[in-house]
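The values are calculated or read from the model by the stated rules, or taken from the named source; none is laboratory data. Fair warning: this is a prediction, and the values are worked out from it, not measured in the lab. When we count neighbours, we look across all protein chains shown, and the Cβ atoms used for this are built from the backbone with ideal geometry, even at glycine.
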Amino acid sequence: MLECGDAMANLPMIPELLKQLFRQPATNTFPAKYLPPSVTGFLKMVSRGEAAIHPPVATPPEFRGKITYEPEGCIGCSLCVKICPAHAIELVNETKTIRIYVSQCIFCSQCTDMCPKGSLKMSDEFLLADEDRYSDNLIVE
Amino acid sequence: MSDGNPAKTTPYTVPIGPIHPALKEPVMFTFRMNGEQIEKADFAPGQTHRGIEWMGMRRNPIQIVHLTDRICGICGVSHSLAFARAVEQIMEIDVPERADYIRAIIAEFERIQSHLLWAGMAAHELGFDTLLHLTWRVREQAMDTIELLTGNRVNYGIIQIGGVRRDITPDQHPAIHECLDYYRDLQGKLLRIFLEDATIQMRCRDCGILTRDDALRLCTVGPTARASGVNMDVRVDFPYAAYGDLDIEPILPDRYLGETRGDVFDRIVVRLLEVEQSAGIIRQCLDVMPAGDILWETKIPKILAAFKKAHGEAVGRHEAPRGEVLHYVRMDGKEHPTAWKVKASSYSNLMSWIPMLEGEQIADIPIIVASIDPCLSCTDRVAVVRGGRRSIMTKEELHRLSVEKTRRLMR
């Protein structure tokens, strides 16, 4: 079906492929520039300060990442508890503050819109993988 | 294959699924094969029921909007928009005009990324992974722009009952135009690579044909219907959001190829041309978008209070990248809806698999199955679990059950 002379005309992907050989890869190499023998080992080295992480692609200005909470301004109105679609927020009755389970949070930012005191904000932190869903990093209070 | 003398008799049965590398989502196919040819095809969805509607009945519409974002990972705004429109009709909310335009812009960006995702997937099903990588690389431009406008790549969370949650600011315009120019420059290349390629032509031309009559009879929607020559598009037929003000013409394959065959190739053509069309719609929106509010009511407690006064039922429709989505909502003066039904676009399109697949070769199953852009986890609404027995529910039985349920709800 294919004639040799027409091969390039019928396979328009081939010139594109050849051009790609001289282009930078589109993928951002993260977390390391070259694949380390062990990714967890590499991350441990990063936490010890022995290696540097290759930075991720920058987040946009209005990115919705891990939630931050300032208990000082909070009046304990529990509107955020009421509006949270994922039921990720609970009211701590003793202190009249809230506790947010980030492992359950769906990052919709509805509570930050709702908060009358502006105590809730979305940060740009997104590296939230953890082995324990109730670890200190994943509970905001 | 356990009965009689196995493997010796024709026709024999080939099961594909529920989990299979050729299928991107779980669905169970049963093919009766004669050699390499499919004699009869049958399928059983219902493997990914998640009970989203059940969750919705316990939440108020503001919360459900975020739930609808998650019905489908690709149609992040389609379900939210259809749901919000249903609730807005019940509550008789007039959405600010600017919000309507922003909704249309986000919906069109979603169409661009969804069609490119599908095109890459189609290439992958053909075994053409180089093209998959190229298509998904160019898709990132749309994803980045969506991320800039809404905050996140998927699950945009931009829709609110009565408007949108984020405005498009003037400093975002250059980035949007840069993205649109990128796709304008790319369009020729994409069409050339997909449509002039000998491999793609050989695999897709006259493969998986859905005739116009079948498309109408089986109520297919969206690009699947348009590729068979059915001139339908919810944006044109029943305009909503800003689409009534815009100049849109449904894309049919004969516009580009001069004829309509209703095969897999036509479905590629329609989707690729719609990428260009969507970019054009966004341009129109940006040009004529009025200034003003983006929300009917900015104070969320007031919206919540308004839900308690809402009585009635409504249907919200939207032309999602895969076709029409439909949300039925009923509110009875409570914060949460009394009834919420979702009809995803794939629900209407799945039945078209049967005429497409019958008579085709076994090797063409992956591309034909993928050609309607099926989204099964969006589609699965029901799972009947009753003592492990299997049975088929007829149309009459389903009708009887839904009448019973409606009576129960009205009590």
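Scanning region B:64-88 for residues that are buried (at least 24 other Cβ atoms within 10 Å of the Cβ) and more than 18 Å from the chain's Cα centre (by Cα) returns B:Ile64, B:Val87. The set of residues from region A:38-91 being touching a residue at least 12 places away in the same chain (Cβ under 8 Å), touching an Asp or Glu at 6+ places or on another chain (Cβ under 8 Å) and either more than 26 Å from B:Met143 (Cβ to Cβ) or within 12 Å of another protein chain (Cβ to nearest Cβ) (or both) comprises A:Thr59, A:Phe63, A:Gly65, A:Tyr69, A:Pro71, A:Val81. When B:Ile102 is tested against (1) touching a residue at least 24 places away in the same chain (Cβ under 8 Å); (2) at positive phi, just one condition goes unmet, and that condition is (2). Just so you know, in region B:30-55 the residues that are in a strand (DSSP E or B) and among the β-branched types (Val, Ile, Thr) include one that is nearest to B:Ser377 (Cα to Cα), and it is B:Thr30. With respect to the stated conditions, B:Glu259 is without any contact (Cβ under 8 Å) to a residue 24 or more places away in the chain and either in contact with a strand residue (DSSP E or B) (Cβ under 6 Å, 6 or more places away or on another chain) or over 23 Å from B:Ile52 (Cβ atoms) (or both).
Residue count for region A:106-122, restricted to those that are touching a Cys at 6+ places or on another chain (Cβ under 8 Å), crowded, with 19+ Cβ neighbours inside 10 Å and within 11 Å of another protein chain (Cβ to nearest Cβ): 4. Where the second residue is part of a loop (DSSP other than H, G, I, E, B) and of a type in the set (D, E, K, R) and the first is within 20 Å of B:Val342 (Cβ to Cβ) and lies in region B:39-51, which pairs have Cβ atoms under 8 Å and are six or more apart or on separate chains? If the second residue must be part of a loop (DSSP other than H, G, I, E, B) and of a type in the set (D, E, K, R), the pairs left are B:Pro45/B:Asp380; B:Gly46/B:Asp380; B:Gln47/B:Asp380; B:Thr48/B:Glu25; B:Thr48/B:Asp380; B:His49/B:Asp380; B:His49/B:Arg381; B:Arg50/B:Asp380.
For the structure I just gave you, tell me whether A:Ala86 is aliphatic (A, V, I, L, M), farther than 27 Å from B:His336 by Cβ and part of a loop (DSSP other than H, G, I, E, B). So A:Ala86 fails the test.
Residue-wise test of (1) surrounded by fewer than 24 Cβ atoms within 10 Å (Cβ to Cβ); (2) under 19 Å from B:Ile268 (Cβ atoms); (3) aromatic (Phe, Trp, Tyr); (4) modelled with pLDDT of 95 or more.
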residue	(1), (2), (3), (4)
B:Gln201	yes, yes, no, no
B:Cys204	no, yes, no, no
B:Gly208	no, yes, no, no
B:Leu218	yes, no, no, no
B:Gly229	yes, yes, no, no
B:Pro239	yes, no, no, no
B:Ile248	yes, no, no, no
B:Ile251	yes, yes, no, no
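Look at B:Asp171 and say whether it is farther than 23 Å from B:Ala241 by Cα, free of Cβ contacts under 8 Å to residues at least 12 places away in the same chain, more than 14 Å from chain A (Cβ to nearest Cβ) and out of contact with any strand residue (DSSP E or B) (no Cβ under 6 Å at 6 or more places or on another chain). Spelling it out, it is not the case that B:Asp171 is farther than 23 Å from B:Ala241 by Cα, free of Cβ contacts under 8 Å to residues at least 12 places away in the same chain, more than 14 Å from chain A (Cβ to nearest Cβ) and out of contact with any strand residue (DSSP E or B) (no Cβ under 6 Å at 6 or more places or on another chain).
Picking from residues in region B:133-146 that are surrounded by fewer than 22 Cβ atoms within 10 Å (Cβ to Cβ) and more than 20 Å from the chain's Cα centre (by Cα), the one that is nearest to the other protein chains (Cβ to nearest Cβ) is B:Arg137. Among the residues of region B:63-76, is there at least one that is in contact with a strand residue (DSSP E or B) (Cβ under 9 Å, 6 or more places away or on another chain), farther than 30 Å from A:His87 by Cα and in contact (Cβ under 8 Å) with a residue 60 or more places away in the chain? Checked against the condition, which is being in contact with a strand residue (DSSP E or B) (Cβ under 9 Å, 6 or more places away or on another chain), farther than 30 Å from A:His87 by Cα and in contact (Cβ under 8 Å) with a residue 60 or more places away in the chain, region B:63-76 yields no hits at all.
Quick one: in region A:92-105, which of the residues that are outside any strand (DSSP E or B) and surrounded by fewer than 21 Cβ atoms within 10 Å (Cβ to Cβ) is farthest from the other protein chains (Cβ to nearest Cβ)? Walk me through it before giving the result.
Keep residues of region A:92-105 that are outside any strand (DSSP E or B), which gives A:93-96, A:102-105.
Those left that are additionally surrounded by fewer than 21 Cβ atoms within 10 Å (Cβ to Cβ): A:93-96, A:102-104.
On the way: A:Asn93: 22, A:Glu94: 26, A:Thr95: 24, A:Lys96: 19, A:Val102: 15, A:Ser103: 16, A:Gln104: 13 Å.
Taking the candidates together, the pick is A:Glu94.
Return the residues of region A:29-46 that are surrounded by 10 or more Cβ atoms within 10 Å (Cβ to Cβ) and part of a loop (DSSP other than H, G, I, E, B); say none if nothing qualifies.
Scanning region A:29-46 gives A:Thr29, A:Phe30, A:Pro31, A:Ala32, A:Lys33, A:Pro36, A:Ser38.
Conditions tested, residue by residue: (1) within 13 Å of B:Asn60 (Cβ to Cβ); (2) more than 14 Å from every other protein chain (Cβ to nearest Cβ); (3) more than 15 Å from the chain's Cα centre (by Cα); (4) not in a strand (DSSP E or B).
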{"site": "B:Thr298", "(1), (2), (3), (4)": "no, no, yes, yes"}
{"site": "B:Val315", "(1), (2), (3), (4)": "no, yes, yes, no"}
{"site": "B:Leu326", "(1), (2), (3), (4)": "no, yes, no, no"}
{"site": "B:Val342", "(1), (2), (3), (4)": "no, yes, no, no"}
{"site": "B:Asn349", "(1), (2), (3), (4)": "no, yes, no, yes"}
{"site": "B:Gly359", "(1), (2), (3), (4)": "no, yes, yes, yes"}
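Applying the criterion of at least 3 residues that are of a type in the set (Val, Ile, Thr) to the helices (runs of 4 or more DSSP H) found wholly in region B:56-139 leaves B:61-68, B:97-125.
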